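The values are calculated or read from the model by the stated rules, or taken from the named source; none is laboratory data. Predicted model only: the values in this text are computed from it and were never measured. Please note that ligands, DNA and RNA were not included when accessible areas were found on the heavy atoms of the full protein model with its side chains. Shrake-Rupley method; radii C 1.70, N 1.55, O 1.52, S 1.80 Å.
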Amino acid sequence: MATKQSPRTPIEPRDLNAPFFNLRETAWLLHCSYDTVRRAIKAGLLPCSQRVPGGVIVVTRADLDAYHKATRTVPIRRSSRRPARAAA
């Protein structure tokens, strides 16, 4: 017997080059949870649209790319040498 998947579980999009993605597909592409995507939309960080009020929420590819570019972190470069001691 197959188990039913949660409606909040991120899923891989059928077409990675599609112009629009629903929230589950967006979560999969961003490697985050469905709730994280909802919070980003509510905070105004990730633009979205609906064709009809109460309908499916979709995110465009351009908005998704802009969000990813704005939120990706840059690794901190650390020096391999120890800092110099202050003279006492």
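For E12, E25, the ranking by accessible surface with the largest value first comes to E12, E25, using a 1.4 Å probe. Measuring only protein heavy atoms, the 1.4 Å probe finds L16 accessible over about 80 Å². Ordered from highest to lowest accessible area with the whole protein assembly present and a 1.4 Å probe, R38, R24, R14, R72 read as R14, R72, R38, R24. Scanning residues 5 or more positions from L46 or on other chains, those with amide H under 5 Å from its amide H are I41, with H placed 1.01 Å from N in the peptide plane. To the nearest 10, the accessible area of Y67 is 40 Å² with a 1.4 Å probe.
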